[in-house]
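Enquirer: Quick one: this structure, given as structure tokens, is what I'll be asking you about.
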Amino acid sequence: MLTGRPMRAAAIAVAVAGIARPVAAQLSGVVDGGYAHVTYDGFLPSGATSLSSAVRLEDSRRSIAARGAALRFESGNLSIAGTLTGNTFTSAYRGFRGEFLAALGASTYRNLPHYGHLTGRSRLHYSRGASGSWVDGALGRNYYAGRDRSIYQFGTGAWARHDLGTLSLSAMRTVTGDTGYTDVEAAVRLMRRNVDVDVSLGARGFSSNAGRGVFGEASGTLWVYRDLGIVLSGGRYPSDPARGSIAGRYVSAALRFGSRGSATERGIQREIGPRRPVPTSFSAPLVSGLEMRRALNGWQTFRIQAAGASHVEMMGDFTEWQPVALGRAGEDTWEVTLPVSVGMHRFNVRVDGGAWTVPLGYASQNDDFGGISGILIVQ
Amino acid sequence: MKIRHSALVLGALMLGTRLAAQEPVLQARLDAATYRSVSVLLDSARVAGIPTQSLVSKALEGASKGANGERIVAALRRLSGELAAARGALGVESSAAEIDAGATVLHVGVEPRQLARLRAARPRQSLTIPLGMMADLVARGVPTDSAGAVVLALARANMRDEDFVAFRRNVERDIALGAPPAAAASVRVNFTTRANALSADGPQSHQGSPPRPRKP
């Protein structure tokens, strides 16, 4: 599914294609390799090497594109994401043009469950001269940890081209599961001589379980050769519950091999940013911490941080693997006191009836039942 | 002969009593066919001297996680083998908790000979915490041979259980700060054993702020 800047770029590209002459199918590709310093919400800052690529086959009426991105963090953990998109659009009629898009994507990070999404989108473009607008709606499903949810999106936008570059404005309402939010974003793309600059600024509001706030990103590409550029970028981006990514900040530097100004190059812009490694809170609120402190007579008090959770449970060999509900001990904090003997134990936690998982920071191992269990050492 | 026969009968009666004590929880949470298979496995384990508590726990875990009977029995068979191997490596006098921790360590890929070396280095003290720490390190990405060597070095330095726990906590923090797992464990063990060697009072807990490992 295309969202944010890639979606906007695709919308503009399609609208421009609508006023262009049909051309033969062409293949374009881009590869970016570089280093990023990332700070995901709920994580410590980390460096990461990144590799991303995109390939696109297109003519004036349709296109298909595949993208992949991989990040290897300092810890050695790997985050991988990939998407496959295709679109086709109708003939223009008095400046109007219809477009149909489908997108399939998946991502995985370390030992967390895989994430996937599938969406279909219809969009109506109107273009006149060097400006245009669109409205669109999308339906889809996403999958995470054995649960799938519907995605509903509808939005509108407008763009205008000038000799200096392109300005676009967009607003998008997204609803998935019990999460809903509206993003409004303005973006400018400038292309001067051998330098491209992309700047975006947005805000999230009308949000339920997806946070609120302002976000922005900037990226500059210096093309040192026809097919070789140096990309510097940074900023803060919001969570993307539809695609299963959390919010984060980053700065990155990369080398780009590919065709300047191609749709592939425009669309990959956000993909080269650090992939967000864990699902957002919409389907399974993140269990970001588990503290254990000794209580009386061999009992231990467990305190769990789970932002946005409404129900938290824990089980382990010390509960005979029977789920035990935790009590609320503050905002996003849950607590329970249980008898736990000295030694090594295995355990799991789950939030809002989701998949049994292991809190961040705890070692985990294969549980023989298709999941993982955490390792707890009580001394 | 008669005495041996009596002992077997007595043993069987004791086993029966223990199984009966476990029946309610297992019977309540497993279907009849799975319960029968699990009971046979538990009996076999008892005959072989393998502690059954972790087998029962694994069966309950599978039931709570919705695994089918076939999968639960397969998991118990695997665990039973690992428990037997752990008991063999750690010695027949090892406690149930040690054997359970040893099986976990074998499950993540540590060689049985590393368990035997650990027992030799710490013959009279419990290995539950050191083995738990070894499993934890491997699960955090420390290679199995490195994790084994690290725990062995700490054991040979006469570290106490609380030192092991403090060590694991420090490695966990270093990894969270971005250090590669193997380097974090290696640097920490060098620091800990050196500090221990320099300490005139013997082993101590080292939770201060030693130099952090450099990033790669």
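Every read-out reported here was derived from the displayed coordinates using simple, explicitly stated rules and does not represent laboratory data. Remember, predicted model here, so these are calculated numbers, not experimental data. As a convention, Cβ positions derive from the backbone with ideal geometry for all residues, glycine included, and neighbour counts pool all protein chains shown.
Enquirer: Assuming 0.36 nm per residue, please report the length gained on full extension of the stretch residue B:162 to residue B:53 beyond their Cα-Cα distance.
Expert: Computed gain between residue B:162 and residue B:53 is 36.7 nm.
Enquirer: Between residue A:203 and residue A:311, 0.36 nm times their residue separation minus their Cα-Cα distance comes to what?
Expert: 35.9 nm
Enquirer: Given a Förster distance of 60 angstrom, what is the FRET efficiency for residue B:124 paired with residue A:212, based on the Cβ-Cβ distance and rounded to 0.05?
Expert: 0.50
Enquirer: I've got another one for you. Give a residue-ordered list of calculated ³J(HN,Hα) values for the stretch A:75-81 (Karplus: 6.51 cos²θ - 1.76 cosθ + 1.60, θ = phi - 60°; whole Hz; x for Gly, Pro).
Expert: After applying 6.51 cos²θ - 1.76 cosθ + 1.60, I find 6, x, 5, 10, 10, 10, 9 Hz.
Enquirer: Right, another one. Just tell me how shielded A:315-328 is by partners: mean number of partner chain Cβ atoms within 10 Å of each residue's Cβ, no decimals.
Expert: What the average comes to for A:315-328 is 3.
Enquirer: Once you have the Cα-Cα distance between residue A:322 and residue A:169, take 0.36 nm times their residue separation minus that, and quote the gain in nm to one decimal.
Expert: Stretched out fully, the residue A:322 to residue A:169 stretch lengthens by 49.9 nm.
Enquirer: Can you work out the Karplus-derived ³J(HN,Hα) for every residue in the stretch A:86-101? Use 6.51 cos²θ - 1.76 cosθ + 1.60 with θ = phi - 60°, whole Hz, and x for glycine or proline.
Expert: Result, ordered by residue: x, 8, 8, 9, 7, 5, 7, 9, 6, x, 9, 7, x, 9, 10, 10 Hz.
Enquirer: Output wanted: per-residue J couplings in Hz (rounded whole) for the stretch A:353-367, from phi through Karplus 6.51 cos²θ - 1.76 cosθ + 1.60, θ = phi - 60°, x for Gly and Pro.
Expert: Per residue, the Karplus-derived 3J(HN,Hα) values read x, x, 6, 6, 9, 10, x, 4, x, 9, 5, 9, 9, 4, 9 Hz.
Enquirer: Can you give me the distance in nm between label points at residue A:130 and residue A:88, each placed 7 Å from the Cα along the Cα-to-Cβ direction?
Expert: Going from the residue A:130 label point to the residue A:88 one covers 3.4 nm.
Enquirer: Let me ask something additional. Give me the percent of Cα-Cα pairs in the stretch A:34-127 that sit more than 22 Å apart, rounded to a whole number.
Expert: Value for the stretch A:34-127: 47 percent of Cα pairs lie more than 22 Å apart.
Enquirer: Within a 10 angstrom radius of each residue's Cβ in B:96-107, how many Cβ atoms of other chains show up on average? Whole number is fine.
Expert: Across B:96-107, the average partner-chain Cβ count within 10 Å equals 2.
Enquirer: Which of the GluC sites (Glu not before Pro) found in the stretch B:64-142 are in a DSSP loop and have at most 15 neighbouring Cβ atoms, other than their own, within 10 Å?
Expert: B:93
Enquirer: Using 7 Å Cα-to-Cβ label points, what is the residue B:74/residue A:293 separation (nm, one decimal)?
Expert: Going by the 7 Å Cα→Cβ label model, 4.4 nm.
Enquirer: Loop only per DSSP, at most 13 neighbouring Cβ atoms within 10 Å: give me the trypsin sites (Lys or Arg not before Pro) in the stretch B:103-179, ordered by residue number.
Expert: Loop-located and lightly packed - B:124.
Enquirer: What span do the alpha-carbon atoms of the stretch A:292-359 cover on each of the three principal axes, reported in whole Å from largest to smallest?
Expert: Taking max minus min along each principal axis of the Cα atoms, the stretch A:292-359 gives 32, 23, 16 Å.
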